[in-house]
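*Asks:* Handing you this structure, nothing more for now.
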Amino acid sequence: MSQHNIQRGRLAEKTALITGAASGIGKATAILLAHEGAKVAVADIDKDGAQNTVGEIVSLGGTAVAYALDVTSEQEWQRVIDDLLEKWGRLDILVNNAGISFAKPLVEMSLAEWRKVFAVNLDGVFLGTKHGTNAMRKGGGGSIINVASASGIKAGAGASAYCASKAAVRMFSKVAALECAQNGDNIRVNTVSPGGVMTQMWESMGFWQDMKAQTGSAEANWQAMSQDVPLKRFAKPEEIAAAILYLASDESAYVTAAELVIDGGYTA
């Protein structure tokens, strides 16, 4: 990531805020957007993880700052966006990527568990879109990208809270896009719906180690899990980041209320 590349990048002069950017899709997106010239605010509930992402960006010649952010807290959203506007003067790109995965049969699920999934996956997107829109209005426009999921399109037994929360993100984003368009805000709102992605989130789930004991390796796990995907593999985080970059850039100026499904054919 040379300085020369950054100045000529697709996002030169733009500022971006990405949630859940300590790892996985969020981290890959933060690094790519910085590579394309954006100043990047790396937000995560894991401040140390966010700081590590910033360290990588800075070592490659980019500009980034870390924020501790619990996306379920309106107060924290306000604090982060106020600070960012004070620091950089504008917000051009917001990627609402933070999310949690959860699986349990619905009759065994507590209301508290259900609400926790919705608090992060849906309330977090609502709060980000609300405060992001207000910030972008001050700067004359912008692009909001909300990360939904193929699980919000195709149901999976045992994942009622996750599937329902991601389906809600898809519809919420369309409504937000229409409101911004009607208001003449020059703010576009779109979603990306990834299928299976090779991230640490999978590796932290209970079944992963049991499965690995049977298959013999992480590679074999990925292989086994992707058998119902037409392309027979999971995506790399960088492949999702590339789609987010397109929606963040001016190349997608006529794209709003759209859903970019990146799932290897899984939902076809």
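The values are calculated or read from the model by the stated rules, or taken from the named source; none is laboratory data. Predicted model, so just to flag it, every value in this text is computed and none were measured. Note that each Cβ is placed from the backbone with ideal geometry, even for glycine, and that neighbours are counted across all protein chains shown.
*Asks:* Does the stretch 181-190 include one or more residues that are small (Gly, Ala, Ser), closer than 12 Å to Asp263 by Cα and touching a strand residue (DSSP E or B) at 6+ places or on another chain (Cβ under 9 Å)?
*Replies:* no
*Asks:* For Lys174, indicate whether it is outside any strand (DSSP E or B), among the charged types (D, E, K, R) and closer than 28 Å to Ile31 by Cβ.
*Replies:* For Lys174, the condition - outside any strand (DSSP E or B), among the charged types (D, E, K, R) and closer than 28 Å to Ile31 by Cβ - is not met.
*Asks:* Further, regarding this structure: What's the number of the only condition in (1) out of contact with any strand residue (DSSP E or B) (no Cβ under 6 Å at 6 or more places or on another chain); (2) outside any loop (DSSP other than H, G, I, E, B) that Asp228 fails to meet?
*Replies:* Asp228 satisfies all of (1) out of contact with any strand residue (DSSP E or B) (no Cβ under 6 Å at 6 or more places or on another chain); (2) outside any loop (DSSP other than H, G, I, E, B) except (2).
*Asks:* Six or more apart or on different chains, Cβ atoms under 6 Å: show the pairs whose first residue is in the stretch 232-259 and under 18 Å from Ser173 (Cβ atoms) and whose second is at pLDDT below 95 and buried (at least 16 other Cβ atoms within 10 Å of the Cβ).
*Replies:* Matching pairs, first to second residue: none at all.
*Asks:* In the stretch 25-43, is there at least one residue being over 22 Å from Gly142 (Cα atoms) and in the same structural domain as Asn186 (by TED's automatic domain parsing)?
*Replies:* Step one: filter the stretch 25-43 for residues over 22 Å from Gly142 (Cα atoms), giving none.
Within the stretch 25-43, none of the residues are over 22 Å from Gly142 (Cα atoms) and in the same structural domain as Asn186 (by TED's automatic domain parsing).
*Asks:* Write out, first by first residue and then by second, each pair whose Cβ atoms fall under 7 Å of each other, whose residues are 6+ apart or on separate chains, and whose first residue, in the stretch 97-123, is free of Cβ contacts under 8 Å to residues at least 60 places away in the same chain and within 16 Å of Ala148 (Cβ to Cβ) while the second is among the aromatic types (Phe, Trp, Tyr) and assigned to a helix (DSSP H, G or I).
*Replies:* Val117/Tyr162
Here's the yes/no breakdown for (1) aromatic (Phe, Trp, Tyr); (2) touching a strand residue (DSSP E or B) at 6+ places or on another chain (Cβ under 9 Å); (3) under 19 Å from Thr191 (Cα atoms):
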residue: Arg90; (1), (2), (3): no, yes, no
residue: Gly128; (1), (2), (3): no, yes, yes
residue: Gly132; (1), (2), (3): no, yes, yes
residue: Met136; (1), (2), (3): no, yes, yes
residue: Gly142; (1), (2), (3): no, yes, yes
residue: Val147; (1), (2), (3): no, yes, yes
residue: Ala157; (1), (2), (3): no, no, no
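*Asks:* Restricting attention to the stretch 140-147, does a residue exist that is assigned to a helix (DSSP H, G or I), surrounded by fewer than 18 Cβ atoms within 10 Å (Cβ to Cβ) and among the small types (Gly, Ala, Ser)?
*Replies:* So far as the stretch 140-147 goes, no, none of its residues is assigned to a helix (DSSP H, G or I), surrounded by fewer than 18 Cβ atoms within 10 Å (Cβ to Cβ) and among the small types (Gly, Ala, Ser).
*Asks:* Can you spot a residue in the stretch 30-51 that is small (Gly, Ala, Ser) and surrounded by fewer than 17 Cβ atoms within 10 Å (Cβ to Cβ)?
*Replies:* From the stretch 30-51, those small (Gly, Ala, Ser) are 30, 34, 37-38, 41, 43, 49-50; that's our starting set.
Still in the list and also surrounded by fewer than 17 Cβ atoms within 10 Å (Cβ to Cβ): none.
Within the stretch 30-51, not a single residue is small (Gly, Ala, Ser) and surrounded by fewer than 17 Cβ atoms within 10 Å (Cβ to Cβ).
*Asks:* Something else about it: Any residue at all in the stretch 152-175 that is of a type in the set (Lys, Arg), within 22 Å of Ala103 (Cα to Cα) and buried (at least 21 other Cβ atoms within 10 Å of the Cβ)? Steps first, answer last, please.
*Replies:* We begin by selecting, within the stretch 152-175, every residue of a type in the set (Lys, Arg); these are 154, 166, 170, 174.
Adding the requirement that they be within 22 Å of Ala103 (Cα to Cα) leaves 154, 166, 170.
So of that shortlist, the ones also buried (at least 21 other Cβ atoms within 10 Å of the Cβ) come out as 166.
Yes: one or more hits.
*Asks:* Taking Val71 as the residue in question, decide whether it is crowded, with 17+ Cβ neighbours inside 10 Å and aliphatic (A, V, I, L, M).
*Replies:* It is true that Val71 is crowded, with 17+ Cβ neighbours inside 10 Å and aliphatic (A, V, I, L, M).
*Asks:* Right, Ile187: more than 17 Å from the chain's Cα centre (by Cα), assigned by TED's automatic domain parsing to the domain that holds Gly20, under 30 Å from His131 (Cβ atoms) and surrounded by 21 or more Cβ atoms within 10 Å (Cβ to Cβ) or not?
*Replies:* Details: more than 17 Å from the chain's Cα centre (by Cα): yes; assigned by TED's automatic domain parsing to the domain that holds Gly20: yes; under 30 Å from His131 (Cβ atoms): yes; surrounded by 21 or more Cβ atoms within 10 Å (Cβ to Cβ): yes.
Yes; evaluated as a whole, the condition is true for this residue.
*Asks:* Among the residues of the stretch 55-68, write down those that are surrounded by fewer than 23 Cβ atoms within 10 Å (Cβ to Cβ) and β-branched (Val, Ile, Thr).
*Replies:* Across the stretch 55-68, the qualifying residues are Val58, Thr63, Val65.
*Asks:* From the list Glu219, Glu251, exactly one residue is part of a helix (DSSP H, G or I), assigned by TED's automatic domain parsing to the domain that holds Ile31 and among the acidic types (Asp, Glu). Which is it?
*Replies:* It is Glu251.
*Asks:* What residue, among those in the stretch 83-100 that are in contact with a helix residue (DSSP H, G or I) (Cβ under 9 Å, 6 or more places away or on another chain) and not aliphatic (A, V, I, L, M), is surrounded by the fewest Cβ atoms within 10 Å (Cβ to Cβ)?
*Replies:* Residue satisfying both the conditions and the ranking: Gly89.
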